[in-house]
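Read the structure below first, then the notes.
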Amino acid sequence: MTLLLAGDIGGTKTILRLVKATESTSELHTIYQESYLSGDFLDLVPMVQQFLLKADTPTPQKACFAIAGPVVKNTAKLTNLVWFLETERLEQQLGISQITLINDFAAVGYGILGLQKQDLLTLQAGKFQPEAPIAIIGAGTGLGQGFLIKQGKHYQVFPSEGGHADFAARNELEFQLMKYLLDKHDIQRVSVERVVSGQGIVSIYQFLRDRQITTESPDIAQIVRTWEKEAGQQEKSVDPGAAIGIAALQGSDRLSQQTIQMFIDAYGTEAGNLALKLLPYGGLYMAGGIAPKILPLIKNSNFLLNFTQKGRMRSLLEEIPVYIILNPQVGLIGAALCAARL
């Protein structure tokens, strides 16, 4: 038996999980888990020490921490924290023989391999091919993308910066949106992440509002304007993206409904673009926090129409399985699986 430590480290919250692995590492069993406010600690080490003391178990042999930010040469500096993490220092101070740091979206890639049937919603059954690549796309704070390639008995996870590719407008309204964003931010190009993300939802709303396409409701207007006044502040008192999503789900605000519809259309289009490049007949998985929250709207939208609407390539994309990940702890599952492979 091997004792593993997995961590999902974010700027706001960190989740730590102790996992017991069988000799084959094919089965992982959670034995203890805790959540912490990241800002309450000056470094990861005292947090892990407090966690292990409370868990009252032997020191884990291996650990993997998923980081909300880039990992370069076994080091990571978190954007919203003063933490600077380095594997060699962590191994010495925690007494854990093997530690690795991975990007949080890479952890999602590993986590896909540990999901159960109930953790997924199938949007398109397609024709699954077990040896084919797997693609991941996830709209949240930003737009993550990645892929998995099978090598022997295992998959290797590859990160990507595909979310920073150019946004491809397809109709007059989207061309107007692109021009609006170019002018508003005084930039030379618009990345797809500026549209397909939490920030993108707000940008689409502002565009539709400023073009006076539909009247604005007082409640959502107040939230968005409060957020606009707080621009530049690290701490925001409101979350307009969430408010717009809720209003669209409830059908209480036409402008919010149109915003989410435009967001979903762009999401489906970009997922299709990723699928064209990889032909992931092993499945395309939608991660991130947004899709599960607006699930009914995605299911009843033109997401799949936009996903497959690729001219002569349509028949290929109709055979790709498409899933939405429902388990919010997929990254933590992935960190444990990654630790098991060390």
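The values are calculated or read from the model by the stated rules, or taken from the named source; none is laboratory data. Quantities reported herein were computed from a predicted structural model and do not represent experimental measurements. Cβ coordinates were reconstructed from backbone atoms using ideal geometry, including for glycine residues, and neighbour counts include every protein chain displayed.
Odds and ends about this structure:
- In the range 149-177, the qualifying residues are those that are assigned to a helix (DSSP H, G or I) and either among the hydroxyl-bearing types (Ser, Thr, Tyr) or touching a residue at least 40 places away in the same chain (Cβ under 8 Å) (or both), and the one that is nearest to Leu337 (Cα to Cα) is Gly162.
- Wholly within the range 22-127, helices (runs of 4 or more DSSP H) carrying at least 3 residues that are free of Cβ contacts under 8 Å to residues at least 60 places away in the same chain: 44-55, 87-94
- Scope the range 298-338; condition assigned to a helix (DSSP H, G or I) and surrounded by fewer than 19 Cβ atoms within 10 Å (Cβ to Cβ); matching residues: Lys299, Leu304, Leu305, Gly311, Arg312, Met313, Arg314, Ser315, Leu316
- Residue among Leu326, Leu279, Leu297, Leu274 that is in contact with a Pro (Cβ under 9 Å, 6 or more places away or on another chain) and over 27 Å from Cys64 (Cβ atoms): Leu279
- Residue list for the range 178-205, filter: assigned to a helix (DSSP H, G or I) and farther than 25 Å from Lys236 by Cα: Met178, Lys179
- Against the numbered list (1) of a type outside the set (Asp, Glu); (2) touching a helix residue (DSSP H, G or I) at 6+ places or on another chain (Cβ under 9 Å); (3) under 30 Å from Lys62 (Cα atoms), Ile264 comes up short only at (3).
- So Ala139, is it in contact (Cβ under 8 Å) with a residue 60 or more places away in the chain, in the same structural domain as Phe65 (by TED's automatic domain parsing) and closer than 30 Å to Ala266 by Cβ: no
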